[in-house]
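The values are calculated or read from the model by the stated rules, or taken from the named source; none is laboratory data. Since we're looking at a predicted model, the values are computed, not measured. Because the Cβ atoms are built from the backbone with ideal geometry, glycine has one as well, and the counts that use them run over all protein chains shown. For accessibility, only protein heavy atoms count, side chains too; no ligands or nucleic acids. Shrake-Rupley method; radii C 1.70, N 1.55, O 1.52, S 1.80 Å.
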Amino acid sequence: MDDQPLPDILAGPLLRRLSPERLVLWLVGSRPLELGLHLYPEGATPRRLRLGGERLRRIPVGRHAWLHLIEVPLATPLPRGRRIAYDLRLEDRDGAPGIADWAPHLCHDGETRPAFVLTEDQRRLLHGSCRKPHHRDEDGLARGDAWLAERRERPEEWPAWLLMTGDQIYADDVAGPMLAAIHALIRRLGLVDEALEGATVADSQALYAEPAGYYRRESLLPDITVNAALRERFFGGARKPVFTSANAHNHLITFAEVMAMYLLVWSPVPWRLIDPPRPPLSEELAARYDEEQAVIEAFVAGLPQAARLLAHLPSLMIFDDHDVTDDWNLTAEWEACAYGHPFSRRILGNALWGYLLCQGWGNDPGRMAGLVERAEALLGETHEREEGLPAPAQDALLEALRGHRDWGFRVPGAPPLLVLDTRTRRWRNERRPGRPSGLMDWEALCELQQALLGSESVVIVSPAPMFGVKLIEGIQKLFVLAGKPLLVDAENWMAHRGAASVMLNIFRHSQTPGNYVILSGDVHYSFVYDIRIRHRRRGPRLWQITSSGIKNSFPEPLLSTFDRLNRWLYAPRSPLNWFTQRRPMRITPRDPDRAEAGERLWNGSGLGLVELDDQGRPARIRQLDVRGFEVDFPPPEAREAAADQAATSSGRAGPKCSK
């Protein structure tokens, strides 16, 4: 297989931040490409744009792997509300082959090109988080593709954005077959090597050849007492009571591993180039490997559909912890431990570097330009020398990434989108460094308030729900008080009193918008809350809408138990509500229409779909479940009306009882 010629395109195109005045696309080729972008707006004259100069940035990440970051300003704006077919042609190949030639899976049946729609507003949004390749469920991105295919001739129904709200990859939780594929792809493409300081292996090639490189990567740390905490915290995979068990034993380490992971989760093409052998394993681990292999094969089978969705809908992305590592920056003590060792510091930095090039840049290329230029210079020099990454220059770049404080971004429109960085600007607990940090520090929260002032409505993307399930947050608090926040992923907005207080006060401020819609993920289940400020006749209205995961779910029947206990223990008249910081808020859960009686949390992989009215209020909230159906979250008044109608029709009408 290694003797076969490589295809020109390895992954993409992914549509990123699009507007009538500017197009941003992401692509990976096996060589530096000469590209032409052809646009075919419905009912308008086609356009041909040659890509080069500042419009196309080519960055080598290996001998046969080149990032192509495409940013095209348009002097004549594109129309809104129309279907715009497009093509990327290889201008340096005979006949200038287009997408239908080199990636036919990106075209819907009967179509010769993919297309996009620049919507009139931002009132229809597709969103989700947590896409783990080896989770047993089908892929929510493939479900989104099927949904969009049914509406391909109705551009007025297309979402403005696909919002990916965290854990687009799982750098810390990797199946054995996926890691084998990563290593096979690194060899096939000649992805960059690097030296490893502080590990028991000298460099990336030694890592890939190391027998302990599968399911036992924690053993690669130096065997000294000072690193016991690092081993347990970073690679330990300790059992996590109440929630789940982590698996960090195949944690991605090198920059090449991170880049290969992105290629393998976003495109079916790299899988056709490799035939990874099973590594030598014990009988127990071999059985686990075989189980994971079946799930990974099903994931790969759905990749053409997932890639097609990413080629049709513009996407915005923000990291959560698994894009880098589990519990990333959870506590000040965690930070001191993880950043205090050169090996773990390198692991964290490499994951963030991959995020910059594969996710962060496309959100707002202008704001990322300085970091991307530094990365381009380092990778270009490495490619010319045909050697591994120079360690001092790599470490300097990774330190700059760690110090960057501008990962969040804003998208103007009706309503505006405000995407929050809840990972790198944390409110650390200086007196008790083992306690959870606030998700945003005081300065970042002040900037959030300034961004909200004067707007009539705003859509806020917060990877973790601002208003979560009280019972689960209460259990997390108990573990925090016991000094074990890492055991239950105790990172929610209420875990840090100062950050929670400032956030709640922002919403209660008299000059903040009338309508807030908060889109979140992270928790591996989906729910909707209607939120009002108590004792305020004209206070702001809030909606917490959580969709998680794209390919992940919560352990059953544990979630059902939590769901019902939460309803009983935190009923409207329960005295337990007085012990929560949210007591000034009146929170009303919405019942999913397909849930069993008494359940407010929906457990199933898929994508969330939100439609807003002209005042920025949710007109309809749905979950596109991977099992092929839609789950509606009707407003509380609709639920009550339906109950009244059912009671009347059965002849049992009586006084209403509040839940």
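Per-residue Karplus couplings for the stretch 77-82, computed as 6.51 cos²θ - 1.76 cosθ + 1.60 with θ equal to phi - 60°, are listed in order as x, 7, x, 9, x, 10 Hz, Gly and Pro entered as x.
A cut-off under 12 angstrom between Cβ atoms defines the neighbours of Leu609, and their net charge, with Lys, Arg +1 and Asp, Glu -1, is +1.
Of His68, Leu90, Pro46, which is farthest towards the positive pole of the stretch 31-132's charge dipole, taken about the Cα centre with +1 and -1 on the beta-carbons of Lys, Arg and Asp, Glu respectively? After comparing all options, I get His68.
Compared with the rule-of-thumb size 2.2 N^0.38 Å for a compact globular protein, the stretch 272-416 has a Cα radius of gyration ratio of 1.30. When the alpha carbon gyration tensor of the stretch 123-226 is reduced to an equivalent ellipsoid, its three semi-axes come out at 40, 15, 13 angstrom, largest first.
Given the peptides 601-612, 582-593, 436-447, 627-638, arrange them by the average over their residues of other C-beta atoms within 10 Å, most packed first.
601-612, 436-447, 582-593, 627-638
Backbone geometry of the stretch 544-553 corresponds, through the Karplus equation with coefficients 6.51, -1.76 and 1.60 at θ = phi - 60°, to 3J(HN,Hα) couplings of 9, 10, 10, 10, 7, x, 5, 9, 5, 7 Hz, x marking Gly and Pro. For the chain, the solvent-accessible area with a 1.4 angstrom probe is 39 square angstrom per residue. Normalised by 2.2 N^0.38 Å, with N the number of residues, the alpha-carbon radius of gyration of the stretch 545-641 equals 1.17. A Cα-only calculation for the stretch 479-591 places Rg and Dmax at 15.3, 43 Å. Computed as a quarter of the hull surface, the mean projected area of the alpha carbon convex hull for the chain stands at 30.2 nm².
Here the stretch 368-419 exposes an accessible surface that is 52 percent carbon and sulfur, computed with a 1.4 Å probe and the other protein chains kept in place.
Ligands, DNA and RNA left out, the accessible area of the stretch 483-568 computed with a 1.4 Å probe is 49% carbon and sulfur.
Over all pairs of different C-alpha atoms, the stretch 269-340 has a mean inverse distance whose reciprocal, the Kirkwood radius, equals 16.3 Å.
Rg/Rh for the stretch 335-386 stands at 1.06; both radii use Cα atoms, and Rh follows the Kirkwood definition. When both the stretch 4-29 and the stretch 397-419 are represented by their alpha-carbon centers, they are found 21 Å apart.
Relative to the Cα centre, the charge distribution of the chain, modelled as +1 at Lys and Arg Cβ and -1 at Asp and Glu Cβ, gives a dipole magnitude of about 3020 debye.
Residue ranking by accessible heavy-atom surface, 1.4 Å probe, largest first, among Ser560, Ser282 comes out as Ser282, Ser560.
Shown are Thr165, Thr200, whose ranking by accessible area with a 1.4 Å probe and every protein chain present, most to least, is Thr200, Thr165. Only lysine pairs 8 or more places apart or on separate chains count here, and in the chain those with Cα atoms under 24 Å apart total 8. With the convex hull constructed from alpha-carbon coordinates only, the stretch 300-344 shows a mean projected area of 5.0 nm² over all directions. Amide hydrogen proximity for Trp427: with H placed 1.01 Å from N in the peptide plane, the residues at 5 or more positions away or on another chain lying under 5 Å are Gly438, Leu439, Met440, Asp441.
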